[in-house]
């Protein structure tokens, strides 16, 4: 029974993105359970190189879980996830290979509080990519300039504001030269006046051609930047469309309800 | 003009100094000693107790004490007889270590001191190399100095080791050995692999559930029964291993406490960057976890340092042991109190030193405001 729907959904998606030769991330019939709780139900999603996707939906809809499956912070129980040609299995080598190429930005920044900003940025290039420290620090400074806080390089994360910390976190992920960037509600933990500085950096990143998957409620960001908006509810992808259509002509009732709730104010 | 009446436009209010009752000696006294009627009474009571207890103590320790001389006849006054400590000092420090070879112990102390000094000076570079020498090179150097035979010195067998020297040997081996073993056990206990986890739990719970005296007795009396005929292991070495594993079990639980305090996000961020388990632990998780539990680690170290006195019961003459045996010497009967006061002072100096160092370390490693 499930097999049938999986194949059907799979063909639908692949026709939607005109072949999967340039697919950066491909999820085929992915299911996940937490104990008895079915969190992800038959997720089929293909992200092309350079594509920017915004994922939205009510809390508990599985959107964070979905993108966390892409770098295996969460394990899926059935279906296939292929990132840049590497399928995620239990093989640790492959998981680490995928993680090297996938950058992630978290809701709560998760900077390393015992290291300075510069050390946070240079750590993974030095220890994972074996870049010489000097070179790694030079490139880290470049990324700090890109997120507009080079003057904070010698400070510790605890001495920065939330917005600055999140920009450091973005720079830290970029230092690994990732092919895909995942953002898990990057502005949800920020004070209102700091949201813009983080979104500005993300918009700039999008214009540079980075492949991005962003879980967010910032609909303004979705409208200006996204190629596609995905709406999830109760573990399923309910609807996906380009942002213009998505916001003006939502097809499903649940999407309409969700949009009316978040766009009301 | 009266300052209070002064009004300012919004945004122009200057920073004013705090009122006098909050600063200076007066402010301190008010805040700490006389802040409420109950505190006033307690302060006065404490002052009275100090007045009662201190003068006699000072009299005994300093004013009426005997300092000069080399025999018990020199102690005629009613105060403390520090001559006792003076005469036996070499025993207290080195036990029965041959007097002609004591320079070897002192040399080892000197090397240690020379190695430690740069660690306290912030400007010195290459601390990692010095630390590596102290951890891995120094024990080898110290072993050959203490035991001998590498460069043709006389071998000094371990039964001759004693006094504060022996206490320091046991304590430092215990301290240096128990931390890494404890870390491994703590990681093992949190492992998701059932075999590693159960072995770690069993190890920790067995060692933690047994008194140190029992461990020492088993190491000293029972262990040789299980050894094959003709093979003997030095008694001190057995005690060292016993003390080390015993404290490692405690250390493991302290470290585990620190590991549990590290938020899940730190693991996830490290994994998301592609760090493998070893690098994640060594670079991200352990530095933070260990920093959190510095007070607990030092607490265990201090406990271990004082517990070394228990080796007396398996016949090792540590610092306290030599003092006790000097007190029972027929020539010097009746001066045990001086000995115990002296040992208390020495133990206190070492433990207080460790405590201060840990506070210094906590301040140095603090990375938030």
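Nothing in this text is a laboratory measurement; each read-out follows from the coordinates by a stated rule. What you see is a predicted model; the values in this text were computed from it and never measured. Backbone-built Cβ (ideal geometry, glycine too); neighbour counts: all protein chains shown.
Residue B:112 label point, 7 Å along Cα→Cβ, cut-off 14 Å on backbone N: hits in region B:158-192? Residues passing the 14 Å test: B:162-177. Extension gain for residue A:189 to residue A:141 (0.36 nm times residue separation, less C-alpha to C-alpha distance): 14.7 nm.
When only alpha carbons are used to place a centre, region B:322-369 and region B:279-308 end up 21 Å from one another. Taking other C-beta atoms within 10 angstrom as a stand-in for reagent exposure, A:207, A:108 fall in the order A:207, A:108, fewest first.
For a Förster distance of 60 Å, can you work out the FRET efficiency between the beta-carbons of residue A:245 and residue B:132, rounded to the nearest 0.05?
In this case the efficiency is close to 0.40.
Sorting B:295-301, A:152-158 by average packing, meaning the other beta carbons within 10 Å per residue, from highest down gives B:295-301, A:152-158. Simple spin-label estimate for residue B:7 and residue B:68 gives 8.0 nm between the two label positions (7 Å along the Cα-to-Cβ direction from each Cα).
Note: relative contact order over chain A, using C-alpha pairs below 8 Å and six or more positions apart, is 23 percent. For chain B, modelled as a GNM whose springs connect Cα atoms under 10 angstrom apart, the maximal fluctuation among B:183, B:63, B:294 occurs at B:63.
Relative to the longest principal axis of chain A, what angle (0 to 90°, nearest 10) does the C-alpha long axis of helix A:192-207 take? The answer is roughly 80 degrees. Computed from the C-beta positions of residue B:96 and residue B:46, the FRET efficiency with R₀ = 41 Å rounds to 0.35.
Under the definition of partner shielding as Cβ atoms of other protein chains within 10 Å of a residue Cβ, what is the mean value for peptide A:147-159?
The per-residue average across the peptide is 1.
Note on chain B: with a GNM built from Cα contacts shorter than 10 Å, the maximum mean-square fluctuation among B:15, B:70, B:307 falls on B:15. Angle of helix A:253-263 to the longest C-alpha principal axis of chain A, folded into 0 to 90 degrees and rounded to 10: 30°.
Inter-chain Cβ neighbour count for A:89-102, averaged per residue, equals 2 (cutoff 10 Å, partner chain atoms only).
Which of B:170, B:213, A:237, A:195 comes first, and how do the rest follow, when ranked by fewest Cβ neighbours within 10 Å? Working shown, then result.
Values: B:170 27, B:213 13, A:237 24, A:195 19.
Going from least to most buried by this count: B:213, A:195, A:237, B:170.
Using a Gaussian network model of chain B in which every pair of alpha carbons under 10 angstrom is joined by a spring, one finds that among B:101, B:253, B:338 the greatest mean-square fluctuation is at B:101. Ranked by how many other Cβ atoms sit within 10 Å of their own Cβ, fewest first, the residues A:231, B:352 fall in the order B:352, A:231.
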